[in-house]
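Shown next, in structure tokens, is the structure this report addresses.
The values are calculated or read from the model by the stated rules, or taken from the named source; none is laboratory data. As the structure is a prediction and not an experimental result, all values here were calculated from the model. Here the Cβ positions follow ideal geometry from the backbone for every residue, glycine too, while neighbour counts run over all protein chains shown.
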Amino acid sequence: MPLKLTVIGTGYLGATHAAAMAELGFEVLGLDIDESKVATLARGRVPMYEPGLEDLLARHVAGLEGSTGRLRFTTSWEEVADFGDVHFVCVNTPQKQGEYGCDMSYVDSAVGLLAPHLRRPALVVGKSTVPVGSAARLAGMLRELAPAGEDVELAWNPEFLREGFAVQDTLHPDRIVVGVASDHAESLLREVYGGPIAEGTPFIVADYPTAELVKTAANAFLATKISFINAMAEVCEAAGGDVAVLAEAIGHDDRIGRKFLRAGIGFGGGCLPKDIRAFMARAGELGADQALTFLREVDSVNMRRRTHMVEWAREALGGSFLGRRIAVLGAAFKPDSDDVRDSPALNVAGQIHLQGGQVTVYDPKGMENARRLFPTLGYAPSALEAVRGADVVLHLTEWREFRELDPARLAEVAGQRHILDGRNALDAQLWRKAGWTFQAMGRPNA
Ligand code: UDX
């Protein structure tokens, strides 16, 4: 009998994982405590912007015309426990209010609500990003609460997907990492990932703490790489160098690599910032805080970029935002996403607004979420409308749409032809040719 899978939590991670597993041929039941989310997914709709995900849902959600019917959604823990051989826990682990640590309440409550219904053998697989030590604790919780006792096991299988590439990253991962406490758990996970995903994909078997740490270490490394290049941007600005050329030149060294070396206003989103903070907090609890003090610097270089952008914009306006109009291109924390959690773009827009600037934001997909989070900012229905009458334009999220803008057309409506590229992604020559004063971060501003 093929394994039956369940996915608990249907956010970015869970909805994508559920759809991808159905694509691989498994029967999948997704659970969320949010009834409206379940109803939306059951109609084949995705409550967020994630390219390719609706196509996968259309192919597999039961009841949709022409679908395989392999994917269903529910709010019932009992149904999930009866249905599944393997249960993937994909719930959110946000930063705790007012402190660095990770809020484990969603994971704890998911396991706590599932466990009492587990009356037959099952493998519970955590995918959420958690502080090291969580898996061992949750395994104990399962042993205590599950009626099937020893027949219920736990594994940890971190997920490395990027928003905007969630489907692609899930179906074609760089590597699969599983933290297991038994051969049986390993063989079940090999069965899940044994099909097309496994071909040529490294399958790394580890213990619980190593598997948990792989995820936090990977995110800490990525954050460090971005802050490193942003620190170089600061030096370039002071010395008159060009950080984009520098990044390209060091990136050609294979040991360094070219990816994640784009200097700008830094990293944001629901993962990197909170993950490095949670990592520091956990290391402190373990008495290993010294090992990660450098992450404090990574975090502060990153936050400094946002303030630097604000100061740079103020300077461009002659020292004050009062009575000035600022067009902000970008609200999402990165392109191809509608996610505005800890978005550097919105943070900059918010700071300028608080300092008296009249800010107008446009983003191709993030407008609704931005409006909800920052209702007092101004919003425009297009880049052109945001730029209309602006004294300065800030490019803060590098959407393709912005790279394809016609600077000559924008020049006709702008108040002042002055643009600051906070993402080092626009073609300086093109803008300058159209009469704009163009400045980019960490680059000489001829
Ligand atoms: C990240 C990890 O990449 C992923 O493996 C993990 O599972 C979750 O966290 P994500 O948050 O979707 O994924 O975004 P990512 O593409 O990593 O970008 C993070 C932030 O870094 C964005 O704000 C982006 O704009 C910024 N960034 C990225 C830079 O500032 N410079 C770069 O060179 C690359």
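Structure above, values below:
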item: Lone qualifier among Arg341, Arg282 - being under 19 Å from the mean Cα position of the chain (by Cα) and at pLDDT 95 or above; result: Arg341
item: Conditions (1) within 16 Å of the ligand (Cβ to nearest atom); (2) hydrophobic (A, V, I, L, M, F, W, C); (3) at pLDDT below 95: number failed by Val245; result: (3)
item: Qualifying positions in segment 173-186 - part of a helix (DSSP H, G or I) and either within 23 Å of the chain's Cα centre (by Cα) or more than 17 Å from His87 (Cβ to Cβ) (or both); result: Asp183
item: Single residue of segment 28-53 satisfying the filter (under 20 Å from Glu163 (Cα atoms) and among the hydrophobic types (A, V, I, L, M, F, W, C)) that is surrounded by the most Cβ atoms within 10 Å (Cβ to Cβ); result: Leu41
item: Matching residues in segment 286-306 - criterion: being more than 10 Å from the ligand (Cβ to nearest atom), closer than 14 Å to Ala220 by Cα and within 19 Å of the chain's Cα centre (by Cα); result: Leu295, Val298, Asp299
item: Top-ranked residue in segment 425-446 [being within 18 Å of Ala383 (Cα to Cα) and within 16 Å of the ligand (Cβ to nearest atom); ranked as surrounded by the most Cβ atoms within 10 Å (Cβ to Cβ)]; result: Leu426
item: Residue in segment 214-226 that is away from the ligand (no atom under 16 Å from the Cβ), surrounded by 19 or more Cβ atoms within 10 Å (Cβ to Cβ) and either of a type in the set (D, E, K, R) or over 16 Å from the mean Cα position of the chain (by Cα) (or both) present; result: no
item: Total residues in segment 58-94, condition assigned to a strand (DSSP E or B) and either out of contact with any strand residue (DSSP E or B) (no Cβ under 6 Å at 6 or more places or on another chain) or under 22 Å from Leu123 (Cβ atoms) (or both); result: 8
item: Any hit, segment 355-363, residues being of a type in the set (Gly, Ala, Ser), within 16 Å of the ligand (Cβ to nearest atom) and over 23 Å from Phe438 (Cβ atoms); result: no
item: Leading residue by the ranking (nearest to Asp55 (Cα to Cα)) among those in segment 114-168 that are part of a helix (DSSP H, G or I) and acidic (Asp, Glu); result: Asp151
item: Residue among Asp339, Asp363, Asp275 that is within 15 Å of Tyr379 (Cα to Cα), charged (D, E, K, R), surrounded by 20 or more Cβ atoms within 10 Å (Cβ to Cβ) and in the same structural domain as Ala386 (by TED's automatic domain parsing); result: Asp363
item: Close pairs (9 angstrom Cβ cut-off, 6 or more residues apart or separate chains): under 10 Å from Ala220 (Cα atoms) in segment 257-285, crowded, with 19+ Cβ neighbours inside 10 Å and of a type in the set (Phe, Trp, Tyr) anywhere; result: Pro273/Phe267
item: Selection from segment 35-54 of residues that are acidic (Asp, Glu) and free of Cβ contacts under 8 Å to residues at least 24 places away in the same chain; result: Glu54
item: Pair list, Cβ < 8 Å and 6+ apart or interchain, from segment 214-231 residues that are without any contact (Cβ under 8 Å) to a residue 60 or more places away in the chain to residues that are assigned to a helix (DSSP H, G or I) and within 8 Å of the ligand (Cβ to nearest atom); result: Leu222/Leu272
item: Residue identified as in contact with a His (Cβ under 8 Å, 6 or more places away or on another chain), aromatic (Phe, Trp, Tyr), crowded, with 16+ Cβ neighbours inside 10 Å and touching a residue at least 40 places away in the same chain (Cβ under 8 Å) among Phe73, Phe88, Phe83; result: Phe88
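To keep it simple, each residue is scored yes or no on (1) more than 18 Å from Lys127 (Cβ to Cβ); (2) assigned to a helix (DSSP H, G or I).
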position: Gly194; (1), (2): no, no
position: Ile197; (1), (2): no, no
position: Ile204; (1), (2): no, no
position: Leu213; (1), (2): no, yes
position: Ala218; (1), (2): no, yes
position: Asn230; (1), (2): yes, yes
position: Ala233; (1), (2): yes, yes
position: Ala244; (1), (2): yes, yes
